[in-house]
Structures are given as structure tokens and as C-alpha cells.
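Worksheet: one structure, shown below.
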Amino acid sequence: MLIAEDLLLLVYDDEVGKPVSMISHLEHSLAGALLVELAIRERVDITTDGDEGKSGRIVMRDDTPTGSAPLDDALAQLSTLEGKKPKDVLSPLASGQLIERLLQGLVERGILRRERGRVLGLFPTTRWPAEDSRHEEQVKAQLRRVLVDGEEPDERTAALIALLANTTALKHVIGKEDGEVADRRAKKIAEGNWASDALRKTVEEIVTATLIVPTILVAGSS
């Protein structure tokens, strides 16, 4: 499972089959999750002062296919976006109905199901309720062990937490009763030494971009 797929499962209501109401600009968070995964897999990186050219820019390290369609699509797009800042690649990565493509991939693996209907008998609607929640429950259990019980996270879990840390979805995932504890722990992990300095810096840049881009888009449309 991809980090983006885990993020998508966590922010969708299993019964209603829709995102929880507090999630906005989900597509940019998912694009950021794809970028984070590629960074963890050492396919892409963000330049530092020690690299040639400007720092804080996307650079390809390895364009070998990963075998995952969403990641390989992202790699193909990034090959034309080298030298750009993370905030400038999220919208291209989020294009092409990214959310629906990820959801459909989960349907094909029997994790979600696709239900079509009509509101008031007129307006078409699609829901994506859970078909098999076992993987999602395992992810939630791991997040609880880290965010509530204090277990140290691995790189992948820490990256997922970093993406969740600045959203109100965390209380939906953990539960309101432990929401404040989880929120404090998530922010501490996001700022902590859960990975090498280079990888953590890369993830920080990407997560910051997922917060900045929606703000820029909203300001530009007003």
C-alpha cells in the first residue's frame, strides 16, 4: 500500500464513503504523499546548499519504474518538472483525477467498493464505502500505538503522521477523546529525528508545500 492510499483510507468515512467534512484540498495532500513516497524510495530528492544550482528544488535521483502505477505516473510527470520547488509540482501531480484513480485502485483490490446513485433522483453521486477494512484498521492501530501509547515510528509511519499533523483529520482517525494528545505527539514527531536529516528535510519541504499551495489557490481565486 502507498502512503497516499493509506492517507485516503484514513480520511474517508467507511460507511458514508465520502471524505470527512474537515478535509479540504485533499488532492494536494495526496500529491504530497506520492512525492514523499518517492523521496523515501530515493527516486526523487530536494536539493540542498551542497548541490549544484539552487537549493530547495526537485531533482530526480532514480527514474527506474517502481511497479506502482500512481508512483510511476508521478515519476513521469516529475521528469519534466525538475528544478521546480515542491509547491510548484503539487498541482500537476494532483491533476488527472488523482483521487478517483487512487480510489479505483483500492476498489480493484477489494478494499473499497464503488456505489453509484442519485440525490433526489436527479443528481448523480458516487460513494466509496469500505469493503475490507482490515488494512485500514491495522494502520489506525499503528498510529494509535505511536500517537497515544508513545511507540517510536518507522519512516513510513512518521511520514504519514507528518502529512496528517496539520489537518483536523487526526481526531477523526484517533478519536476525539485522545485527539489533543495525538495532535501534540504528531507535531512533535513531524519536527523530530525520525529519519536522516536529508530525508526529514525533504519531507518537511513537501508537507509545507501541501499547506501553502491551497492557500495560494484560494487567494488567487478571490
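Overview of results
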{"read-out": "Number of positions in the stretch 150-196 that are touching a residue at least 60 places away in the same chain (Cβ under 8 Å) and basic (Lys, Arg)", "value": "1"}
{"read-out": "Residues that are farther than 26 Å from ALA74 by Cβ and of a type in the set (Ser, Thr, Tyr), drawn from the stretch 91-125", "value": "THR125"}
{"read-out": "Unique match (being without any contact (Cβ under 8 Å) to a residue 60 or more places away in the chain and within 23 Å of GLY105 (Cα to Cα)) among ARG41, ARG61", "value": "ARG41"}
{"read-out": "Failed criterion for ASP51 (all others in (1) more than 30 Å from HIS172 (Cβ to Cβ); (2) in contact with an Asp or Glu (Cβ under 6 Å, 6 or more places away or on another chain); (3) at pLDDT below 90; (4) not aromatic (Phe, Trp, Tyr) hold)", "value": "(2)"}
{"read-out": "Unique residue being exposed (fewer than 13 other Cβ atoms within 10 Å of the Cβ) and within 15 Å of LEU38 (Cβ to Cβ) when the list is SER68, SER79", "value": "SER79"}
{"read-out": "The listed residue being within 24 Å of HIS28 (Cα to Cα), in contact (Cβ under 8 Å) with a residue 24 or more places away in the chain and of a type in the set (S, T, N, Q), out of SER68, SER133, SER95", "value": "SER68"}
{"read-out": "Among (1) farther than 30 Å from ARG57 by Cβ; (2) touching a strand residue (DSSP E or B) at 6+ places or on another chain (Cβ under 8 Å) - the single one LYS201 does not satisfy", "value": "(1)"}
{"read-out": "Helices (runs of 4 or more DSSP H) (entirely within the stretch 83-168) containing at least 2 residues that are of a type in the set (Gly, Ala, Ser) and within 16 Å of ILE3 (Cβ to Cβ)", "value": "155-164"}
{"read-out": "GLU136 charged (D, E, K, R), at pLDDT 90 or above, more than 29 Å from ASP62 (Cβ to Cβ) and crowded, with 17+ Cβ neighbours inside 10 Å", "value": "yes"}
{"read-out": "Of all residues making up the stretch 169-181, the number that are assigned to a helix (DSSP H, G or I) and under 23 Å from LYS18 (Cβ atoms)", "value": "8"}
{"read-out": "Residue that is under 18 Å from the mean Cα position of the chain (by Cα), farther than 27 Å from SER95 by Cβ and at pLDDT 80 or above, where the choices are ALA159, ALA186", "value": "ALA186"}
{"read-out": "Candidate set: the stretch 72-82, residues that are part of a helix (DSSP H, G or I) and in contact with a helix residue (DSSP H, G or I) (Cβ under 6 Å, 6 or more places away or on another chain); chosen: the one nearest to GLU52 (Cα to Cα)", "value": "GLN77"}
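The values are calculated or read from the model by the stated rules, or taken from the named source; none is laboratory data. None of the values given here were measured: they were computed from a predicted structure. Methodologically, a virtual Cβ is constructed for each residue, glycine included, from the backbone with ideal geometry; neighbour enumeration extends over all protein chains shown.
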